[in-house]
1. Is region 145-162 home to any residue that is out of contact with any strand residue (DSSP E or B) (no Cβ under 7 Å at 6 or more places or on another chain) and surrounded by 14 or more Cβ atoms within 10 Å (Cβ to Cβ)?
2. If only one of ASN183, ASN160 is more than 30 Å from ILE24 (Cβ to Cβ) and either touching a residue at least 24 places away in the same chain (Cβ under 8 Å) or not aromatic (Phe, Trp, Tyr) (or both), which one is it?
3. Taking region 36-77, which residues are among the hydroxyl-bearing types (Ser, Thr, Tyr) and farther than 19 Å from PHE201 by Cα?
4. Does region 197-208 hold any residues that are out of contact with any helix residue (DSSP H, G or I) (no Cβ under 7 Å at 6 or more places or on another chain) and in a helix (DSSP H, G or I), and which are they?
5. So which residues in region 26-56 are surrounded by fewer than 18 Cβ atoms within 10 Å (Cβ to Cβ) and of a type in the set (Ser, Thr, Tyr)?
6. Please enumerate the residues belonging to region 163-182 that are basic (Lys, Arg) and in contact with a strand residue (DSSP E or B) (Cβ under 7 Å, 6 or more places away or on another chain).
7. Please go through region 106-122 and give me each residue that is more than 20 Å from ARG51 (Cβ to Cβ), in a helix (DSSP H, G or I) and of a type in the set (Lys, Arg), ordered by number.
8. Pull up region 112-139, narrow it to residues that are closer than 12 Å to CYS151 by Cβ and surrounded by 17 or more Cβ atoms within 10 Å (Cβ to Cβ), then point me to the one that is farthest from the chain's Cα centre (by Cα).
Amino acid sequence: MLTIAVSKGRIYDDALPLLAEANIIPIDDPKTSRKLILRTNHDDVKLVIIRATDVPTFVEYGAADLGIAGKDVLIEHQSDNLYEPLDLKIACCKLMTAAPTDAPEISGRIRVATKYVKTAERYFAGKGIQAEIIKLYGAMELAPIVGLADCIVDVVDTGNTLRANGLEPRELIMNISSRLVVNKASMKMKHQLIQPLIDQFEKTLAQR
């Protein structure tokens, strides 16, 4: 059995064409099904639908053989036990700082709201800025508005949500895309199943 972990939403939607090129087609639709394990057109291949932040954990501990996760999640997860063979170049966005449009430039000691705690700590430390990191799981844009933080660190796609809440993107921390990750033990024990899948993904990406 080959288990592939992927999160609902944009990453799943962008991964579907890649999976189809590798002849892996889900039978169950996550948009209409409440199942967390989706069958595919192969009896020995299944998809596990989980939160994006849980994908590297499932793969690292062998609950899934492979996973598709954003680079932002992988960097925050910080594990040496994952094999990352491919940048799939899907679900692309940016990890940025953002602050109210009329706020002065960041200086001195600041408070930063984010769910990317480790990444934010490294970023501000690298710039020599003392930052108190406040972990939030959602509604990040509220933090500067209500005075909880001076700025936020979050994923930015169009920037529309920021602008709608009186914020603007400031500094680019990193460009993000989704990566294929593989459990190291699975790569050895199921090499004959996994390597052709990696090869097919590579072929499809090269043709784009």
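Bear in mind that the values in this text are calculations on the coordinates, not laboratory data. Quick caveat, the model's predicted, so the values are computed rather than measured. With ideal geometry, Cβ positions are generated from the backbone for all residues, glycine too; neighbour counts draw on all protein chains shown.
1. yes
2. Within the list ASN183, ASN160, the selection yields ASN160.
3. The answer is THR53, THR57, TYR61.
4. If the condition is that a residue be out of contact with any helix residue (DSSP H, G or I) (no Cβ under 7 Å at 6 or more places or on another chain) and in a helix (DSSP H, G or I), then LEU197, ILE198, ASP199, GLU202, LYS203, LEU205, ALA206, GLN207 are the ones that fit.
5. THR32, SER33, THR53
6. Correct list: ARG170, ARG179.
7. Across region 106-122, the qualifying residue is only ARG122.
8. ALA131
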